[in-house]
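A.B. asks: Pasting in a structure now, in structure tokens, and then I'll have a few things to ask.
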Amino acid sequence: MQGVRGFGSVGRDRLSSTTKHDIRRVLRLKRIRPILSIRFVLALWVFLSHFPYPLFSKHVDTPVLWAVRALLLNSFNGPAAVMVFFVISGFCIHFPNRHRVEVPSWNAYYARRYVRILIPMAAAIVLALPLRLKLGLYVNYILWSLLCEEVYYLIYPGLVRIRDLLGWKNLMILAWLAALIALLSNPAAKEYHNLGPYLTWILGLPCWLLGARMAERLDLFYTQSVSPLQIWVWRAGIWALSVILSVLRFHTAIGFPWTLNGFAVIAAYWLQREISYFSRRNVSPVLEKLGDSSYSIYLTHMHGAMLAGWLIPAHTQRFWWLNVVATMLFSTAFYLHVERPAHQLARRFSRKIAQRKQRLEPIGHPHTAA
């Protein structure tokens, strides 16, 4: 296999010694700020997009109230948040392997991925049964994005191999062409997942690869200076774009399959600037500690709403805030008792597989040679 292209080769000689030191210091970290914070916000965004909260009466009296209500109804674009999840997923999967010529153990990689993801997913599906909540990969279209990510995890070794053979540019061209072909199979689709379980992952593959490409270009982000004003302009802009795409989805013939991949491209540039912004600040993002629970929130936000629904009469929305409280409590308990133990098990299991492979390797193997 050829070495990883595009990492550490652009502008390295022109960097100051201070910048080089900062890059080496940050790239030794296992986590890149503020990815966890953004994941928490995205999970919250998906929850709020599914959450029936009172705004105004459907029969508003003035144009101003109508405009405010319309803005609020489109403020939480859940599918757009999922696209950012795809970019972040590709980034996080490729981040540990960005320097490596070859991954030490694909068996350990698969073990860690699937134990960590599938145990909480199975638990969420089982817990949905007593709540009479229909939850599945393509039931009620709640977990469709997780099915896509499972496919990306599965084919990741093949994508790395294609990258080595053809380069990033050609791999991305192939992915975008495949996404276009998938889109043309159902051009009238309004929702991203309307392409079905066999084609939706193809449509989203370029978004996932954008994140993987970001991981290899990480050192370049630490040479960029982003001011507080600039980062807030980017944040406001990405939110405004998500609102516009939501309006297009519900009030025109342009569905999410036509718009969200383009949104993912712009979101990738936004994420790059978030990383650049926090790379030059010693403060940790406010929501960083909450980011670990983002998967639990995504998996179980409907569970909490169903629990609250048993307590809230169907004819009133006076106690709508119970949805928020129930969801937060349920997701927290799920994280502490299901997701976190599954994560720890996945880490131990994959480490044992990697150590066993290392013991079985002959002396002088490329992975063990000094």
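The numbers here are math on the coordinates, done by the rules we state, and not lab data. Bear in mind the structure is a predicted one, so any value in this text is a computation, not a measurement. Note that each Cβ is placed from the backbone with ideal geometry, even for glycine, and that neighbours are counted across all protein chains shown.
A.B. asks: For segment 12-355, what's the relative contact order in percent, using C-alpha pairs closer than 8 Å and at least 6 residues apart?
C.D. replies: Averaging sequence separation for qualifying contacts and normalising by length gives 32 percent for segment 12-355.
A.B. asks: What order do you get for 191, 288 when you list them from fewest to most C-beta neighbours inside 10 Å?
C.D. replies: 191, 288
A.B. asks: Segment 144-217: which trypsin sites (Lys or Arg not before Pro) are DSSP loop and have at most 15 other beta-carbon atoms within 10 angstrom?
C.D. replies: 190, 217
A.B. asks: Kindly put 207, 92 in sequence by how many other C-beta atoms sit within 10 Å of each C-beta, fewest to most.
C.D. replies: 92, 207
A.B. asks: Which cross-chain or sequence-distant (5 or more) residues have an amide H under 5 Å from the amide H of residue 136, H modelled 1.01 Å from N in plane?
C.D. replies: 142, 143
A.B. asks: Quote to one decimal, in nm, the extra length available between residue 253 and residue 66 on full extension: 0.36 nm per residue of separation minus the C-alpha distance between them.
C.D. replies: Extra length available between residue 253 and residue 66 comes to 65.1 nm.
A.B. asks: To the nearest 0.05, what FRET efficiency results for residue 176 and residue 231 with a Förster distance of 41 Å applied to their C-beta separation?
C.D. replies: The formula returns an efficiency of 0.90 here.
A.B. asks: With the crude spin-label approximation of a point 7 Å out along Cα→Cβ, what separation in nm comes out for residue 239 versus residue 110?
C.D. replies: About 4.3 nm separates the two model spin labels.
A.B. asks: Now, a different point. So, R0 is 25 Å and r is the distance between the beta-carbons of residue 155 and residue 92; what FRET efficiency does that work out to, to 0.05?
C.D. replies: Efficiency computed from Cβ-Cβ geometry: 0.95.
A.B. asks: Further, regarding this structure: So if R0 is 35 Å, what FRET efficiency would residue 122 and residue 224 give, r being the distance between their Cβ atoms, rounded to the nearest 0.05?
C.D. replies: The value I calculate is 0.25.
A.B. asks: Positive end of the dipole of segment 12-355, charges at C-beta (+1 Lys, Arg; -1 Asp, Glu), about the Cα centre: which of 70, 162, 244 has its Cα farthest in that direction?
C.D. replies: Working it through, the farthest residue towards the positive pole turns out to be 162.
A.B. asks: Taking every pair of distinct Cα atoms and averaging 1/r, then inverting, what Kirkwood hydrodynamic radius in Å comes out for segment 88-181?
C.D. replies: For segment 88-181, the Kirkwood estimate is 15.4 Å.
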